[in-house]
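The structure under discussion appears below in the form of structure tokens.
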There are 2 protein chains.
Amino acid sequence: MQTALQYAAHHFDRFVDELIELLRIPSISTDPAYAGEVRRCAMAVADHLRMAGFEIVEVMDTGGHPIVYAERIEDPALPTVLVYGHYDVQPPDPLELWTSPPFEPTIRNGRLFARGSSDDKGQMFLHIKMAEAYLQGSGRLPVNLKFLIEGEEESGSKNLRPFIETHRDLLRADAVMISDTSMFAPGIPSITYGLRGLAYVQVELTGPSRDLHSGMFGGAIENPINVLARLIAGLHDARHRVTIPGFYDAVRPLTADERATFAALPFDEAAWKAAVRVAATRTEAGYSALEGISARPTLDVNGIWGGYQGEGAKTVLPARAGAKISMRLVPDQSPADVVQMLHAYFMAHVPPTMTLTFKDLHGGKPVLVDTTQPAMQAAARALHDTYGKQPFFTREGGSIPVVADFKELLGIDTVLMGFGLDDDAIHSPDESFGLDRYRQGILASIRFAHYFSA
Amino acid sequence: MQTALQYAAHHFDRFVDELIELLRIPSISTDPAYAGEVRRCAMAVADHLRMAGFEIVEVMDTGGHPIVYAERIEDPALPTVLVYGHYDVQPPDPLELWTSPPFEPTIRNGRLFARGSSDDKGQMFLHIKMAEAYLQGSGRLPVNLKFLIEGEEESGSKNLRPFIETHRDLLRADAVMISDTSMFAPGIPSITYGLRGLAYVQVELTGPSRDLHSGMFGGAIENPINVLARLIAGLHDARHRVTIPGFYDAVRPLTADERATFAALPFDEAAWKAAVRVAATRTEAGYSALEGISARPTLDVNGIWGGYQGEGAKTVLPARAGAKISMRLVPDQSPADVVQMLHAYFMAHVPPTMTLTFKDLHGGKPVLVDTTQPAMQAAARALHDTYGKQPFFTREGGSIPVVADFKELLGIDTVLMGFGLDDDAIHSPDESFGLDRYRQGILASIRFAHYFSA
């Protein structure tokens, strides 16, 4: 490990130059016009893996953008780490808000500004540099390594799950390592051990067969918007808990330790509220805001429509109204089960004046990784050594579907060791990644491999 | 009166031909391309008034389409009737659904098919023919007559209220006569003595300063759509009554007589439900469907919006949500007062996480005409003589703003003696007016003038 750490320190300036070259490639996966650039970027990643010392490197077709795969089995007796990342990036619009062009990487105040610098080229690349530091520094890895770097993360990862399904043997490993999340705060290293799942449905209520005149029919024909509002309102109680029967049944309670960790996190609620300009938070009774956004299930209406939305006053009693409703889930809630429960709620409460259309649009399972397992402890130790302080184990409110896929299809837990920061402006103009975090990430990755092999 | 009735019977075929000529003019007031035709129609109406025997006839500019005014003061001691009507029509689209072209009037099965035949050229014209029957038949009118025929009813009557305001002396009268409503059912004559008023507002709730990721923020940031749904749901109780404090305070209760009349009306609720394809009606507890749509106040959401309304699943926690909310009012509710009450309700219930925008878009006062006054009794007697049965006094759920304007600005009550039928298809393809009703309308108008003069 010491040799690898020294190698990384010695060659860090070159590592920065190589990342800058990778960031010059506009690998925008959502825009078909950039398909050639996406492929060029896959080739560049493959070249970097070869230069790092991998002999087995493949750019594999998926039907969409290619997946870069590499592996080196140092010794079947050693544990195997599967590194996942993505080399594609978000579109850079609006271009006029960038201080320097998105694909002309520029260093200012210790930060590297470019589209993809933090999400995810920079964070993915630091693991390739870890491998190089070992292989070029000492000629061998402390663990077996596999790399799975996809090119469709920013466009929905349509081909990833099928790829994993058809390559179960190839991808067999003891742990997945992903750096595509954020640290809790600057200088506060953290490992994400929980992610919420998602259930997303669309409902529509139909009353009369056509839009009616509210003067001639109002008072005896029930209004789909009013009914929909009533049904939505009934989904929460006064304590801001979801009322759907059975909704909380499968929720694993927060342990005292977990709650203590949440309480200890340096969460600046005032600054957080100010950032989105709300006067007050609103959390399920008995839980903090931080617990509410990461460790408790929620129900939100994501969209609603019905009747006349234009200028002025149109006196319509509409024929229909609809809404998109999503629920963030925590272990051990099942997306299919909660959709079933929500459907039952609607069926029980839709009045005889209305017909209901109910569509299950999208779902993803929640994830909770045992923090005591070797890979998690190795990552914690690596971060501790790198930052001089114990990292926090944190939970995130969003979903990373691939983490649930790895668990479901391969049975492998994921270590989410992120080096991003909230102000990296990912998906926005002036995305950047701190060079200090790039360096710390490489060193932490080197240490992780070492500790995990022990 | 007998002379006039005989004159009308004798010249009825010519009266039909003249109406057909008037219906050939495409006086579509909403479409600026037809402004010339609208003016030509005003001129034609003025010519018909002159041919009927009026010496004072004016086509008066309004800033929009002209108003046709005529008057004949037979004797200052006689009562004065102000006939209101409109010569403009709705656009005829979709043209392909007309059996015969909208501006080529065609008689089929005793009905005259053309745009405007029922709404309102045919119903307006029958009063001109009444005047002609008196003036050409016997040389004098039994009452003083004023005609106010506007050309902007189908496009909002923007210039009508200012016109009335600036011509108060000119328009002075003892009663207003309007034929622009429907009979209760075929062969069931009726006089509308009540119209609901309207209060129409737009509300918007703003939570966070921008749309947020529902995974990262859901659970601690209150969702404007969910709050709006809760506030809307709270506007009704389980008995389908409006909960706004004070809402019913000014409502004049239905009398036992009125309720008996409602119960006696030949209302086919099953057919009515089938026409709009609803399985059940939903009325304020304690009231019939017919009472609900005409004699009780209501609250309906006319439109709602917020968040993502497109295809698929977007996990947004929206920054804002809005709705258009209207209330149909009955005497003696005041639009300004109920808007005030609704505003107070929102102010009291909007949580500290949200800011409220509240806009008063539109209002109109409810109308209830004393059925015992001479003009109403004269109309009832005229209908009785014409149809051989007692007419019903009915209330309508919609608003006719000009009726409230006449009351407010001139202090005059309106007699709504309509000869339309629900299946006249006004505002739709194949609009028609029964020639029998055209004839009955002329005779009833002649009798009304006679009885009112007595």
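The values are calculated or read from the model by the stated rules, or taken from the named source; none is laboratory data. This is a predicted model, so every value here is computed, not measured. Note that we place each Cβ from the backbone using ideal geometry, even for glycine, and neighbour counts take in every protein chain shown.
For the range B:216-252, the set of residues classified as at the interface with chain A (Cβ under 7 Å from one of its Cβ atoms), over 22 Å from residue A:305 (Cα atoms) and not hydrophobic (A, V, I, L, M, F, W, C) consists of B:219 only. It is to be established whether one or more residues within the range B:380-393 are touching a residue at least 12 places away in the same chain (Cβ under 8 Å), of a type in the set (S, T, N, Q) and outside the structural domain of residue B:81 (by TED's automatic domain parsing). The answer is no, given that none of the residues of the range B:380-393 is touching a residue at least 12 places away in the same chain (Cβ under 8 Å), of a type in the set (S, T, N, Q) and outside the structural domain of residue B:81 (by TED's automatic domain parsing).
Count of the range A:402-424 residues, restricted to those that are buried (at least 20 other Cβ atoms within 10 Å of the Cβ) and closer than 18 Å to residue A:182 by Cβ, is 11. Counting the residues of the range A:388-403 that are part of a loop (DSSP other than H, G, I, E, B) and within 14 Å of another protein chain (Cβ to nearest Cβ) gives 4. When each of A:240, A:213 is tested for being more than 26 Å from residue A:446 (Cα to Cα) and modelled with pLDDT of 95 or more, the lone residue that passes is A:240.
Of all residues in the range A:380-401, those satisfying the criterion of being over 22 Å from residue A:263 (Cα atoms) and either surrounded by 24 or more Cβ atoms within 10 Å (Cβ to Cβ) or modelled with pLDDT under 95 (or both) are A:382, A:399, A:400, A:401. Go through A:229, A:199, A:238, A:260 for me and flag whichever is outside any strand (DSSP E or B) and within 30 Å of residue A:184 (Cα to Cα). It is A:260. Criterion applied to B:421, B:368, B:383 was being among the hydrophobic types (A, V, I, L, M, F, W, C), in contact with a Phe, Trp or Tyr (Cβ under 9 Å, 6 or more places away or on another chain) and under 26 Å from residue B:242 (Cα atoms), and the one residue passing it is B:368. Taking the criterion of being buried (at least 24 other Cβ atoms within 10 Å of the Cβ) and not in a loop (DSSP other than H, G, I, E, B), the residues of the range B:326-341 that qualify are B:326, B:327, B:328, B:329, B:338. Within the range B:264-289, being modelled with pLDDT under 95 and outside any loop (DSSP other than H, G, I, E, B) holds for B:264, B:269, B:270, B:271, B:272, B:273, B:274, B:275, B:276. When the range A:334-375 is limited to residues that are of a type in the set (S, T, N, Q) and assigned by TED's automatic domain parsing to the domain that holds residue A:191, the one that is farthest from residue A:407 (Cα to Cα) turns out to be A:372.
Please go through (1) within 30 Å of residue B:56 (Cβ to Cβ); (2) in contact with a strand residue (DSSP E or B) (Cβ under 7 Å, 6 or more places away or on another chain) for residue B:106 and return the number of the only condition it doesn't satisfy. Of the numbered conditions (1) within 30 Å of residue B:56 (Cβ to Cβ); (2) in contact with a strand residue (DSSP E or B) (Cβ under 7 Å, 6 or more places away or on another chain), the odd one out for residue B:106 is (1).
The single residue among B:196, B:168 that is under 24 Å from residue B:333 (Cβ atoms), among the basic types (Lys, Arg) and either surrounded by 21 or more Cβ atoms within 10 Å (Cβ to Cβ) or in contact (Cβ under 8 Å) with a residue 24 or more places away in the chain (or both) turns out to be B:196. The conditions of being out of contact with any helix residue (DSSP H, G or I) (no Cβ under 6 Å at 6 or more places or on another chain) and of a type in the set (Asp, Glu) are met by residue A:436.
Considering each residue of the range B:356-371 in turn, at least one proves to be surrounded by fewer than 20 Cβ atoms within 10 Å (Cβ to Cβ), within 14 Å of another protein chain (Cβ to nearest Cβ) and either outside any strand (DSSP E or B) or among the aliphatic types (A, V, I, L, M) (or both). Of all the residues in the range B:203-215, those that are of a type in the set (S, T, N, Q), facing chain A (nearest Cβ under 7 Å) and in contact with a helix residue (DSSP H, G or I) (Cβ under 7 Å, 6 or more places away or on another chain) number 1.
Here's the yes/no breakdown for (1) surrounded by fewer than 23 Cβ atoms within 10 Å (Cβ to Cβ); (2) under 24 Å from the mean Cα position of the chain (by Cα); (3) of a type outside the set (A, V, I, L, M, F, W, C):
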{"position": "A:284", "(1), (2), (3)": "yes, yes, yes"}
{"position": "A:296", "(1), (2), (3)": "no, yes, yes"}
{"position": "A:304", "(1), (2), (3)": "no, no, no"}
{"position": "A:309", "(1), (2), (3)": "yes, no, yes"}
{"position": "A:312", "(1), (2), (3)": "yes, no, yes"}
{"position": "A:317", "(1), (2), (3)": "no, no, no"}
{"position": "A:323", "(1), (2), (3)": "no, no, no"}
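Among the residues of the range B:242-253, the ones that are buried (at least 18 other Cβ atoms within 10 Å of the Cβ) and part of a loop (DSSP other than H, G, I, E, B) come to 2 in all. Candidates A:74, A:37: the one that is of a type in the set (Asp, Glu), more than 26 Å from the chain's Cα centre (by Cα) and surrounded by 14 or more Cβ atoms within 10 Å (Cβ to Cβ) is A:74. State whether the residues of the range B:302-324 include one that is touching a residue at least 60 places away in the same chain (Cβ under 8 Å), facing chain A (nearest Cβ under 9 Å), closer than 20 Å to residue B:195 by Cα and not hydroxyl-bearing (Ser, Thr, Tyr). Yes; the residues of the range B:302-324 include at least one that is touching a residue at least 60 places away in the same chain (Cβ under 8 Å), facing chain A (nearest Cβ under 9 Å), closer than 20 Å to residue B:195 by Cα and not hydroxyl-bearing (Ser, Thr, Tyr).
The listed residues are B:128, B:164, B:178, and the only one of them that is over 19 Å from residue B:402 (Cα atoms) and among the β-branched types (Val, Ile, Thr) turns out to be B:128. For residue A:376, the conditions (1) within 14 Å of another protein chain (Cβ to nearest Cβ); (2) touching a Phe, Trp or Tyr at 6+ places or on another chain (Cβ under 8 Å) are fulfilled apart from (1).
Residue count for the range A:208-225 under the criterion of being assigned to a helix (DSSP H, G or I) and crowded, with 24+ Cβ neighbours inside 10 Å: the result is 5. Among the conditions (1) under 30 Å from the mean Cα position of the chain (by Cα); (2) assigned to a loop (DSSP other than H, G, I, E, B), the only one that residue A:351 does not satisfy is (1).
If you check B:89, B:38, B:81 for being in contact with a His (Cβ under 7 Å, 6 or more places away or on another chain) and of a type in the set (A, V, I, L, M), only one passes: B:38. Can you find even one residue in the range A:275-295 that is in contact with a strand residue (DSSP E or B) (Cβ under 8 Å, 6 or more places away or on another chain), more than 7 Å from chain B (Cβ to nearest Cβ) and not charged (D, E, K, R)? Yes.
Against the test of being within 21 Å of residue A:116 (Cα to Cα) and not in a loop (DSSP other than H, G, I, E, B), the options A:433, A:406, A:452, A:448 yield a single qualifying residue, A:433.
Here is the figure for the range B:338-382: residues that are out of contact with any strand residue (DSSP E or B) (no Cβ under 7 Å at 6 or more places or on another chain) and within 30 Å of residue B:130 (Cβ to Cβ) total 8.
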